[in-house]
Amino acid sequence: MNKISQGREREAKKNQRSFVNDPVLLSEYEIDLGELFTVFWRGKWLVLGAGFLFSLISMTYALTLPNQYRVEAVYAPAQSESGVSGLASQYGGLAAIAGINLGGANTEDIDQAIVLAKSWPFLEAVIQKYNLSPFLFAVVGWEESSQSLVWDQEKFSVSKNTWLKNYETGETYGPTSFESYELLSSMILIKNEGGLVRLSVEFLSPQLASEWVQILASELNLYFQLRDMRDAKENIEYLNRKISETGISQMQSVFYGMIESQMKVLMLAEVKLDYLMTEIVPAKVPERKSGPNRKVIVILGGLLGVFFALLYLIFRYIWVKK
């Protein structure tokens, strides 16, 4: 068996050497650049025609795409009251041992807000609260001249404010919770740049995009406002129990200081609207679209047509030569 395999290897090497040394065999697989250029030149009308055809198809496609408008606003972290921050730094260590959050300036809240703004539970609550699903899935365009939305009348009844029934499936055209979240999340861009939060929304309607930026910022502020109010009330109840349980006057004094801190957090949360983020650059309704870039679509389509035409000429050249 070893002799047979060795013989096959020698035969394969012999054939390989003969292929390399045989100019006739090599000439069948060589590509002459001069000939290839000639082939391209002869097929120039095919290349130009393919480029023009693909550009025309791309232009038709680009014109069917509705305009998109992006609205952006910039926010800064809200400043905490100096008294709250002072008490938080004074009793922070003891409060941490007791599992109490004294509030004050917390830069981690901004990072949490950025993650929260793109999360399913948060956006689901926003969509339900403001009934955004019809705007997300039934609006197909924006009429700039009349400043009005263009609705898909086959899916949604604007007058009745209800989704219509799909008779093929027997269900309504209304989206699921995840579909609504996924679409809205794809429109939102939020990031932290040097301590400032940039929040933007891209949508078919510039007015709705501007409103949604304000809604998202307001809901983020409200979320952390309610959270801190709830935590402050729970902490006050806990500290009052600790005061009644201990007879040490010094500890009672510390607990009263913590309660004072929590009362300030509670009062601040109740009266301050921009609880987490303060608006620096307000959202403005844009006058120009942000997309789609129809020129780029047409150019890329034309280049794709040229590429396919050249590829066809290369394969035809190799086939004819063989």
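Rounded to the nearest whole Hz, the Karplus-based 3J(HN,Hα) values (6.51 cos²θ - 1.76 cosθ + 1.60, θ = phi - 60°) of region 214-225 follow the sequence 5, 5, 4, 5, 5, 5, 5, 4, 5, 4, 6, 5, with x at glycine and proline.
For region 69-291, a crude dipole built from +1 on the beta carbon of Lys and Arg and -1 on the beta carbon of Asp and Glu, taken about the Cα centre, is about 240 debye to the nearest 20. Protection proxy ranking for 260-267, 166-173, 287-294, 236-243, using the average of other Cβ atoms within 10 Å per residue and placing the highest first: 260-267, 236-243, 287-294, 166-173. Considering only 116, 138, 256, and ranking their Cα positions along the charge dipole of region 69-291 that arises from unit charges at the beta-carbon of Lys, Arg, Asp and Glu, the one farthest toward the positive end is 256.
Could you sort out which of 191/289; 155/295; 129/272; 242/264 sit more than 24 Å apart by Cα distance in this structure? Cα-Cα > 24 Å for 155/295; rest within. Using the Cβ-Cβ distance between residue 196 and residue 159 with R0 = 51 Å, the FRET efficiency computed as 1/(1 + (r/R0)^6) comes to roughly 0.75.
Using a Förster radius of 56 Å, what is the FRET efficiency between residue 37 and residue 189 based on their Cβ-Cβ separation? Nearest 0.05, please. Between residue 37 and residue 189 the formula returns 0.75.
Between the beta carbons of residue 312 and residue 74, assuming R0 = 41 Å, the FRET efficiency works out to 0.20 to the nearest 0.05.
Just so you know, all these numbers are worked out from the coordinates, no wet-lab data involved. Predicted model only: the values in this text are computed from it and were never measured. When we count neighbours, we look across all protein chains shown, and the Cβ atoms used for this are built from the backbone with ideal geometry, even at glycine.
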